[in-house]
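Chemist: Just passing along the structure, written as structure tokens.
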Amino acid sequence: MPSTQTQMPLWLLVAVQAAVSGVSLVVEIVAGRMLAPYVGMSLYTWTSIIAVVLAGFSVGHWWGGHIAERPARQALAITGWVMLAAAISTASALLLLRLIGGPVLAAIEHPVWSIVTLTFGVFFLPSLFAGVPAPVLAQIAVMKQQTQSGRSLGAMFAAGAVGAIAGTLLAGFVFIPWLGTALTLAIVTAIYLLSSALLFWLARPINHPVVALVISVLAIALGAASLTRLSSCTTESQYFCIRVLDVSAEPSSPVRRLVLDHLSHGTSARDLPRTMFSEFTAMFDAIARGRLEPGSFSAFFIGGGTYSVPRAWADRNTGPITVAEIDPQVTKTAVRDFWLDPESMTILDEDARVALQRRPDARYDVIVGDAFGDIAVPPHLITREFFHLVRSRLSADGIFLMNVIDFPERMQALSAIAATLQSVFASVEVWTEESLPTPGEQRVFVLVAAAKPTTFSVVTAAAPNPTRFAAMAQRFTDRLVARSSPAILTDDYAPIDRLLGGHF
């Protein structure tokens, strides 16, 4: 009987290696989307995902190296069983995450450890199993063409790299935005099952074929169960898991909330376009109009979300409005579910920093910073270089407002952003609700930067109930910055995740 090395052409080994490497990277990218509704998409989330996946690959490669020392048929058969395990663990990942996500987050208070634990529990085994075939297939390729073993080994390494690149691109540009998480994992499961069947065929005859068939059917059933379970996302975009929640008190007067990943990004009412439902939007509205009215003014918004303030200002006819919202799906959601009239303003589907850079002649009376990637403002939107760009796009009496969420017992993130603004603007004010914070409270602040200070220090605005907001005394702001001695945030150094500490 011909040997297995003779039966299996090199191109088939290369194809299997590329396919397995590709879908294993698809799982890594999908992991970010799956975890986002539970823990958000911070630096710590991606760090945990990459570390856990690489750890799984490493253990898998080590195990695969031991398997590769066996006779070729036996090694292929074992690898076929491992691919069945990869299919099962991948098909069950979404269901497993839904099962353990809540309990893990409830049991582990520290956010970093909860992220690591959740990531390890769901994604370590799929990565481990996906790492096994590479050394096995490489060994067979080398043994097949011993006179050209170097070329064979190089082809296998190249196949793994090309597959990984293709998997990454497909996950980000095709699978997640067009197919969604569950269907993507189902496709990955199917490829693992096909790889397993091919390996079994090459290693034939195999022991316990009925068991292999049962495991394959189980993997298909788990994948189907994930597909039939309703997704927690209303829409999965290239950037967010977008959810729209109905929080109406009366069905005849709808009120809806927008959740991006795991963070609420705003609430709007159909019949009350001028009513704000959060503290920071109430402060944006009251402070800006208090400084700029009664005349009309031009506005530029960094981030759209529910478009609550732009919608309110359009209803008041305050002047031309431009909104830079990086995710077109967020805008489509605002039009469909939050009663936004896109004709009432100019909407740019691009990053706000890029949008401002591309319009050097544009000037605005107010620029509003309302962009959150997770619990924090994206780092490139809080640096000295960005604030210089903002100041250059403001009119002579223009103002810049941005919201910051921090914890009163720390306020390291707030002080760093305030200090950075002070290095660019002559006047920087910190506004918040006029009430004493409670221990452990997460407080919303609005920073107001301009050439001149605000002429009033207290406003009352509906949020949605009447709430008093006040500017902290300048001596408090100066003392806050002096006490923290924060570094000026720059494009080279803006550690916002660390500044928020273990509380984010």
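The values are calculated or read from the model by the stated rules, or taken from the named source; none is laboratory data. Everything quoted here is computed from the prediction, not taken from an experiment. Here the Cβ is made from the backbone with ideal geometry for all residues, glycine too, and neighbour counts use every protein chain on show.
Chemist: Can you report the number of residues in segment 163-208 which are outside any helix (DSSP H, G or I) and closer than 22 Å to residue 235 by Cβ?
Modeler: Residues meeting the conditions: 1.
Chemist: Mind checking which strands (runs of 3 or more DSSP E) fall wholly inside segment 414-467 and carry at least 3 residues that are assigned by TED's automatic domain parsing to the domain that holds residue 492, more than 29 Å from residue 384 (Cβ to Cβ) and touching a strand residue (DSSP E or B) at 6+ places or on another chain (Cβ under 9 Å)?
Modeler: The strands (runs of 3 or more DSSP E) meeting that bar are 458-462.
Chemist: Take residue 79 and decide whether it is closer than 24 Å to residue 202 by Cα, in contact with a helix residue (DSSP H, G or I) (Cβ under 6 Å, 6 or more places away or on another chain) and part of a helix (DSSP H, G or I).
Modeler: For residue 79, the condition - closer than 24 Å to residue 202 by Cα, in contact with a helix residue (DSSP H, G or I) (Cβ under 6 Å, 6 or more places away or on another chain) and part of a helix (DSSP H, G or I) - is met.
Chemist: Out of 284, 301, which single residue is more than 24 Å from the chain's Cα centre (by Cα), closer than 18 Å to residue 401 by Cβ and in the same structural domain as residue 404 (by TED's automatic domain parsing)?
Modeler: 284
Conditions tested, residue by residue: (1) aliphatic (A, V, I, L, M); (2) at pLDDT below 95; (3) touching an Asp or Glu at 6+ places or on another chain (Cβ under 8 Å).
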position: 51; (1), (2), (3): yes, no, no
position: 55; (1), (2), (3): yes, no, no
position: 61; (1), (2), (3): no, no, no
position: 67; (1), (2), (3): yes, no, no
position: 98; (1), (2), (3): no, yes, no
position: 101; (1), (2), (3): no, yes, no
position: 112; (1), (2), (3): yes, yes, no
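Chemist: Could you please tell me which pairs satisfy a Cβ distance under 7 Å, a separation of 6+ or placement on different chains, a first residue in segment 481-501 that is touching a residue at least 60 places away in the same chain (Cβ under 8 Å), and a second residue that is among the charged types (D, E, K, R) and in a loop (DSSP other than H, G, I, E, B)?
Modeler: From segment 481-501, the pairs are 501/410.
Chemist: Also: Looking at 35, 43, 76, 12, which one is among the aliphatic types (A, V, I, L, M), surrounded by 24 or more Cβ atoms within 10 Å (Cβ to Cβ) and farther than 19 Å from residue 179 by Cβ?
Modeler: Going through 35, 43, 76, 12 in turn, just one is among the aliphatic types (A, V, I, L, M), surrounded by 24 or more Cβ atoms within 10 Å (Cβ to Cβ) and farther than 19 Å from residue 179 by Cβ: 76.
This table checks each residue for (1) more than 14 Å from residue 355 (Cα to Cα); (2) in contact with a Pro (Cβ under 7 Å, 6 or more places away or on another chain); (3) buried (at least 19 other Cβ atoms within 10 Å of the Cβ).
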| residue | (1), (2), (3) |
| --- | --- |
| 366 | yes, no, yes |
| 377 | yes, no, yes |
| 381 | no, no, yes |
| 385 | yes, no, no |
| 388 | yes, no, no |
| 392 | no, no, no |
| 396 | yes, no, no |
| 401 | yes, no, yes |
| 407 | yes, no, yes |
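Residue by residue, here is whether (1) out of contact with any His (no Cβ under 9 Å at 6 or more places or on another chain); (2) under 18 Å from residue 496 (Cβ atoms) holds:
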residue	(1), (2)
338	yes, no
368	yes, no
384	yes, yes
396	yes, no
402	yes, yes
410	no, yes
417	yes, yes
421	yes, yes
427	yes, no
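Chemist: Does segment 351-366 contain at least one residue that is closer than 23 Å to residue 432 by Cα and in contact (Cβ under 8 Å) with a residue 12 or more places away in the chain?
Modeler: yes
Chemist: To continue, here is another question. Please verify whether residue 45 is in contact with a Leu (Cβ under 8 Å, 6 or more places away or on another chain), under 29 Å from residue 112 (Cα atoms) and not in a loop (DSSP other than H, G, I, E, B), treating the condition exactly as stated.
Modeler: Spelling it out, residue 45 is indeed in contact with a Leu (Cβ under 8 Å, 6 or more places away or on another chain), under 29 Å from residue 112 (Cα atoms) and not in a loop (DSSP other than H, G, I, E, B).
Conditions tested, residue by residue: (1) surrounded by fewer than 23 Cβ atoms within 10 Å (Cβ to Cβ); (2) of a type in the set (Gly, Ala, Ser); (3) touching a Leu at 6+ places or on another chain (Cβ under 9 Å); (4) modelled with pLDDT of 95 or more.
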{"position": "256", "(1), (2), (3), (4)": "yes, no, yes, yes"}
{"position": "259", "(1), (2), (3), (4)": "yes, no, yes, no"}
{"position": "264", "(1), (2), (3), (4)": "yes, yes, yes, no"}
{"position": "267", "(1), (2), (3), (4)": "yes, no, yes, no"}
{"position": "279", "(1), (2), (3), (4)": "yes, no, no, no"}
{"position": "284", "(1), (2), (3), (4)": "no, no, yes, yes"}
{"position": "287", "(1), (2), (3), (4)": "no, no, yes, yes"}
{"position": "291", "(1), (2), (3), (4)": "yes, no, no, yes"}
{"position": "295", "(1), (2), (3), (4)": "yes, yes, no, no"}
